[in-house]
Structure formats: structure tokens, C-alpha cells
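The values are calculated or read from the model by the stated rules, or taken from the named source; none is laboratory data. These figures come from a predicted structure and were not determined experimentally. Cβ coordinates were reconstructed from backbone atoms using ideal geometry, including for glycine residues, and neighbour counts include every protein chain displayed. Note: accessible area is taken over every heavy atom of the protein model, side chains too, but ligands, DNA and RNA are not part of it. Shrake-Rupley method; radii C 1.70, N 1.55, O 1.52, S 1.80 Å.
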Amino acid sequence: MTDIVLTLKEVRRLAYDSLLANGCDQANAEATADNITMAERDGYQSHGLFRLPSFVVSLKNGKLNGKAVPKIDTLAPGVIRVNGDNGIAALAQQRSRKALINRAREQGVAIAALTDIFHMAALWPDVEPLAEQGLCAIAMTASRRFVAPAGGSKSLFGTNPLAFAWPRKDAPPMVFDQAVSVMARGEVQIAARDGHVLPEGVGLDSDGNPSTDPQAVLEGVLLPFGGYKGSSIALMIEMLVAGLIGQPFSPEISAASNGDGGPERGGQIIIALDPDRFGDKEGWREHCETFFAEMLSQDGVRLPGDRRHARREAALVEGVRIPESLHRDILELSGA
Ligand code: NDP
């Protein structure tokens, strides 16, 4: 497969033009193009331009509201509900950020319950900006039923990503962002597209047998990481992003799907904590830095997010590579 190199400006332009040409208004196109560009910049291709054609399909068939106007309500002093108006999640996330930061600073803790959004993106862009403002942040969402509960061989949970961000003293925030499946489904799709074999333990085929063939796993089921432990985290996420806030559980997301391969309607939780309000205002930064230093003193240990930051540095200088065929397809979508 031949790749081409694009600058990040070109990536954003391509995404913005395609979204605008296919039903998004300026605000929705900008927020989504920013999100896609961040994914390409940090090396998360499975949430970059790769996803654009699926967004366009869902915009064209009317599942996605390209002109969504997110609405923010206060449900309790520490709880804001952000109704995404059936749009792509990026705009609702962007519009709710200021309110979430202000509430967390006022009260120590605040939660944004995002509803009626279509989320098919990486989660670190939802938490990193909060940690850049000195807050600790936790985000999670559900997806279609792709993952078997521990002991089972049929899908029930989504790939349910969980992201955590912690502010650092003189360094970018520490952020981890991980799917509850051994491998994110987007990565399995990319492996199938590129003809790669999967590592052992990623999933089962449709007969319930272990398989390293990405296509067989896409037709079968993914496994949670860490057996029953990952399975319980997937369960917790279902409770928080569906049960708690009146949004669909993963099987309900699948049942409502029109099968167009685009994102699906569901919920997301973003929790923000202000470490200055938990009793160690003067000490927490230094205390945590000492802990990070001890962790990093072991050979072979790195902080989550370091690889992403290294890719970011490289992309800012060298641009990013995308398959030529994907570039052609997107140019066509943008009407260029
Ligand atoms: P990875 O397994 O690639 O990485 C998970 C996390 O672990 C990252 O923060 C990564 O940091 C960190 N990490 C990896 N290796 C090490 C190491 N050796 N030491 C310390 N930390 C390490 O991610 P996933 O495949 O699980 O998820 C990929 C993306 O897919 C995520 O962004 C997720 O949000 C997204 N996703 C979105 C869904 C949706 O419905 N919206 C559904 C499922 C997934 P680093 O990046 O620096 O390597």
C-alpha cells in the first residue's frame, strides 16, 4: 500500500472540507476536524481520517445531525447534562469544557453527562485539555456490543474506552486511554485492511474459537483485557454511561444501529476533580512527581502517553502518512 505525507494543516482542511460538503455546519465541521487532526497528529490512525468516510455515510443518511446545537443543563450542583442533539460528540465535548472546568474549580468535583452524542473517537482529547488546566479528569463511553463478558463467547459489552489524565508539574499531563478489549476494534479493522495477523488472545471467531485472523474476529467477538478484571471494568462503564444517565447499553446501541458502519448514539461521562480542593493544595504536585520519578527509575518503565507525545513531536515536524487510497476517497468526499 502506498502512503502519502500530509501536514497537519492539510489533514484538518481535508477533514473540514469533507464534513462541510456532506451536511455539517461550520461549528460541527470544525470541532470534528480538530478531533480527527489530533488523532492523526498523535498516531491514533484508527480515529483519524480513517473514520471520515463513516461519518459522511451517517451524515448523508440522516443518522447524524451535522447541524447539532448541544444544550447544557444543570441537574445538580456538580452534574451538568450536555445533550448533543444527535451530533458528532466533538462539538458537545468542546462546548461543555468550560462549564465543567468552572464547576470542578468551584466545588472540587464535577461531572458532565453527555447524552445523544455519536462517539467514535479516541478519549484522550476529552481529558488532556482538563489536565492542562490543572484538573484530574476521567472519561468513558460505550460502543456497540463487540466484547464478550468473561467466561462467555458472545458479545455483550462495547469496547468501552476509559481515559485518565493527571496534571504534571513541569511536563505534559500523564494520560492513559485504553479500550476494555485487548485491542481496540479500529485497530483490528486496520489489521484486516492491511492484511496483518493479530496477536494471540485478541478475540474469538463466530464459532467461539480463538483466532488471529482479524476478519474472523470482526465477525466473531473481541475479548476483554485481563479476563474477568477487564470484564468488570467494562461492566462498570456500562453502568455509568448508560444506566446512570439514561443512555443505551451496548446491546441497545447495537439494536438501534442502522448498520451503516458509522458512529452510534450513546452517552459519555467526563469527571473532573480539582486536586487543589482535596486537602493537600501545597503538596500534591511535588508528592506526585516523587512517585512518577520512582516509577520511572525502573528500567523499561515509561509513563502512558509518552509514545503518543513522541509521535506528536514527529508529526508536527514531518507531517503524517496516510494511505493514498484513503486520501483519494476523502478528496472525492470533499468535492475537490
Ligand atoms: P493502546 O493499547 O494502544 O494503549 C492504551 C494506553 O496504554 C495508552 O494510553 C498507551 O499510551 C498506554 N501504553 C501502551 N503501552 C504502554 C507501556 N509499555 N507503558 C505504559 N503505557 C503504555 O490503546 P487501545 O488500543 O486500547 O485504544 C486505542 C484508542 O481507541 C483509544 O484512544 C480509545 O479511546 C479508542 N477507542 C474508542 C472507542 C469509542 O467507542 N469511541 C472504543 C474503543 C477504543 P501511549 O499512547 O503513549 O502508548
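Points worth noting:
- VAL69 being in contact (Cβ under 8 Å) with a residue 60 or more places away in the chain, of a type outside the set (Ser, Thr, Tyr) and open to solvent by 50 Å² or more (accessible area, probe 1.4 Å): no
- Within region 303-322, considering residues that are within 22 Å of the chain's Cα centre (by Cα) and free of Cβ contacts under 8 Å to residues at least 40 places away in the same chain, the one surrounded by the fewest Cβ atoms within 10 Å (Cβ to Cβ): GLU313
- Region 91-128, subset open to solvent by 10 Å² or more (accessible area, probe 1.4 Å) and among the small types (Gly, Ala, Ser), residue nearest to GLN268 (Cα to Cα): ALA121
- For region 167-185, the candidate set comprises residues that are open to solvent by less than 60 Å² (accessible area, probe 1.4 Å) and among the basic types (Lys, Arg); within that set, the residue that is nearest to the ligand (Cβ to nearest atom) is ARG185.
- Of the residues making up region 191-240, just one is among the β-branched types (Val, Ile, Thr) and open to solvent by 60 Å² or more (accessible area, probe 1.4 Å), namely VAL197.
- Condition met for SER58 (out of contact with any helix residue (DSSP H, G or I) (no Cβ under 8 Å at 6 or more places or on another chain), open to solvent by less than 10 Å² (accessible area, probe 1.4 Å), more than 16 Å from the ligand (Cβ to nearest atom) and closer than 28 Å to ARG308 by Cβ): no
- The conditions of being surrounded by 17 or more Cβ atoms within 10 Å (Cβ to Cβ), among the acidic types (Asp, Glu), within 13 Å of the ligand (Cβ to nearest atom) and under 20 Å from the mean Cα position of the chain (by Cα) are met by GLU264.
- Residues that are assigned to a helix (DSSP H, G or I) and in contact with a Ser or Thr (Cβ under 9 Å, 6 or more places away or on another chain) occur in region 99-112; there is at least one.
- Pair list, Cβ under 6 Å, 6 or more apart: region 175-199 residue basic (Lys, Arg), other residue within 11 Å of the ligand (Cβ to nearest atom): ARG185/PHE146; ARG185/THR159
- When residues in region 211-247 are screened for being in a loop (DSSP other than H, G, I, E, B), β-branched (Val, Ile, Thr) and farther than 17 Å from LEU162 by Cβ, 1 of them pass.
Listed here are the residues, each with its yes/no results for (1) modelled with pLDDT of 95 or more; (2) within 16 Å of the ligand (Cβ to nearest atom); (3) touching a helix residue (DSSP H, G or I) at 6+ places or on another chain (Cβ under 9 Å).
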{"site": "GLN268", "(1), (2), (3)": "yes, yes, yes"}
{"site": "THR290", "(1), (2), (3)": "yes, no, no"}
{"site": "ARG308", "(1), (2), (3)": "yes, yes, yes"}
{"site": "ALA314", "(1), (2), (3)": "yes, yes, no"}
{"site": "GLY319", "(1), (2), (3)": "yes, no, yes"}
{"site": "LEU331", "(1), (2), (3)": "no, no, yes"}
{"site": "SER334", "(1), (2), (3)": "no, no, yes"}
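- Number of the exception - ASP25 against (1) open to solvent by 10 Å² or more (accessible area, probe 1.4 Å); (2) in contact with a His (Cβ under 6 Å, 6 or more places away or on another chain): (2)
- For region 4-20, filtered to residues that are over 22 Å from LEU123 (Cβ atoms) and open to solvent by 60 Å² or more (accessible area, probe 1.4 Å), the residue that is farthest from the chain's Cα centre (by Cα) is VAL5.
- Answer residue from region 186-205, given it is out of contact with any strand residue (DSSP E or B) (no Cβ under 8 Å at 6 or more places or on another chain) and part of a loop (DSSP other than H, G, I, E, B) and is nearest to ASN160 (Cα to Cα) among those: PRO199
- Look at (1) under 23 Å from ALA33 (Cα atoms); (2) buried (at least 24 other Cβ atoms within 10 Å of the Cβ) and you find that ALA131 fails only one, number (2).
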